[in-house]
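No lab work stands behind these numbers, since they all come straight from the coordinates. Predicted, not measured: the structure shown is a model, and the values here were computed from it. When we count neighbours, we look across all protein chains shown, and the Cβ atoms used for this are built from the backbone with ideal geometry, even at glycine.
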Amino acid sequence: MNAAFNSVKHIVVLMLENRSFDQMLGFLYADQGNRSTGGQPFEGLTGDETNTDSAGNGVPVYKIVHTDENAYFMPGADPGEGYVATNIQLFGAATPSSTRAPDNGGFVRDFAKTLQWEAGKRSILPGTVEKNIMGVFTPDMLPVLSGLARGYAVCDHWYAPVPTETMPNRAFACAATSQGHMDDVAKTFTCPSIFGRLTDAGQSWAIYGYDTPPLTRHNFPDVTNAPESHFGLFSDFQSAAKNGSLPAFSFLEPSWGSSGNSQHPNYDVALGEQLIYDVYQSVFKGPDWNQTLLVITYDEHGGCYDHVPPPSNAVPSDSLAGEYGFDFRRFGVRVPTLLISPWIEAGTVFRVPDGTMPLDHTSILKTAQTLWGMPALTARDAAAQDVSGVFTLATPRTDDPLAGVTVPTSGTSYPGGDAPSHLQMIHAELVSQLPVADDQGHAHAQMPALKTSQDCTEYIRTRTEAWKAQRQRENVNAKN
């Protein structure tokens, strides 16, 4: 390990929702001919990229501007994001081709299908059409994400681990496997996670929800059964950063609701800009800054356009048969990922050598394992690349790339209503299964009808608190 990388005592991971690399950062260095300020090549957009619609017409990428209707809520609807939808986006067909590589030519056609089956729902915002999927945010629309990408390191070949939706990709981010699962039907996993590995290695860790207890607490047994000291809200993270008491590994969740800051399409991207800013400022101004690596990434592409075909040299985690016949050898679509540390040179475009395992979420696990001498969880993270090579400076920087940056606002609340989000409903289902005794002494409860985002928030909060209180009583009784 180089000395700068060896100085890292804290890894902070903020994982946002369902955005592709091109949609968020494709035009990051367009004004410099897709070369960074350090002169490195950048796999961005030229503006000539197109996708074919159902009539055979080429639909070009275009820049989202502030004056566009619902600009910060683009693409205006929730694109398809599961395995079948991703295959259509990449191969133009529900079943991937065994004879040709993906060309990423089906995004417009898949979004058109999505708009058809979602027709009549309030979640499709006024004016939404199929070409919206080719809309790309410019750096001036996302000054926080873009400022950090230019000010530290951007990874332009970082991929979601699997070509499908949220829960399998988040499982890979925490455990380097989804145990064969390829959709969000599976919400819990029985395998060890990075958090259990950290405990075994004597390293501290915490998972922070934003304004509700964290969803990730209920995904893995070595997390669910961990002591309460490992869990908190965003305000607890801010306090730890300010007080110099960050754990070795922090995993941050956004707010999952339709009025939250997850950046899930088609929610308010500007609110996510504020979250990114707040996370960065918390670590930048804290006493642990010179010993912290902040990773900002997205769990998967969420059906949003990207022009780079995912590679097919992934190492399967295990021998488990994948759903849909998937062999876990193809990566998912590129997602935005930033590496932030005072030991990283501004204007860095960080890649690993061609022909090696590309960077994906298991690279975060490998980085922690390299730092703290922990064994791999699966064959996937054993083969993963860590990010130690991004630490190139001999002394830590003291400048702030976001000095003078104004966080954008959309100027409006989410116009699509207050229905619960998909992840809120997953979270609610998980807490409904917690063994909380009711008035009759039964250990489980039927999840009530949750009609609004606020309904979900309250149910998740109150049931989690009841479970925590019951655990505390049981622990006291056990000691007596």
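As a rough footprinting exposure proxy, the listed residues 81, 49, 474, 273 were ranked by other beta carbons within 10 Å of their own, and the order from fewest upward is 474, 49, 273, 81. Between the amide H of residue 298 and those of 16, distances stay under 5 Å, these residues lying 5 or more places away or on another chain, with hydrogens modeled in the peptide plane.
Please name which of 70, 8, 457 has its Cα lying farthest along the dipole of the chain towards the positive end, using unit charges on Cβ (Lys, Arg +1; Asp, Glu -1) and the Cα centre as origin. The one lying farthest along the dipole's positive direction is 8. For residue 261, nonlocal amide neighbours, meaning residues 5 or more places apart or on other chains whose placed amide H falls under 5 Å from its own, are 255. Restricting attention to the chain, the count of lysine pairs at 8 or more positions apart or across chains with alpha carbons under 28 Å apart stands at 22. Going by neighbour counts of Cβ atoms within 10 Å, the residues 268, 78 line up, fewest first, as 78, 268. Along the range 210-220 the Karplus relation, 6.51 cos²θ - 1.76 cosθ + 1.60 evaluated at θ = phi - 60°, assigns HN-Hα couplings of 7, 10, 9, x, x, 5, 4, 4, 9, 9, 9 Hz to successive residues, with x for each Gly and Pro. Under 5 Å from the amide H of residue 421 lie the amide H atoms of 258, each residue being 5 or more positions distant or on a separate chain, with H modelled from the backbone and absent for Pro and chain starts.
Ordering 224, 28, 412 by Cα displacement along the dipole of the chain toward the positive end leaves 224 in first place; charges were set at the Cβ atoms of Lys, Arg (+1) and Asp, Glu (-1). Can you grab the distance from the C-alpha centre of the range 192-207 to the C-alpha centre of the range 233-307, Å, no decimals? Going from one Cα centre to the other spans 20 Å. The HN-Hα couplings worked out from phi for the range 42-51 by the Karplus form 6.51 cos²θ - 1.76 cosθ + 1.60 (θ = phi - 60°) are 10, 7, x, 8, 9, x, 9, 5, 9, 10 Hz, whole numbers, x standing for Gly and Pro. Summary of packing: across the peptides 143-153, 59-69, the per-residue average of other C-beta atoms within 10 Å ranks them, highest first, as 143-153, 59-69. What are the membrane-span-like helices in the chain by this rule: whole DSSP H runs, Cα extent along the axis at least 20 Å, mean Kyte-Doolittle hydropathy at least 0.0? Answer set is 269-284.
Helical runs assigned H by DSSP (4 residues or longer) give the chain a calculated mean residue ellipticity at 222 nm of -8500 deg cm²/dmol, each run adding -39500 (n - 2.57) before division by the residue total. By the beta-carbon count within 10 Å of each Cβ, the least crowded to most crowded order of 372, 289, fewest first, is 372, 289.
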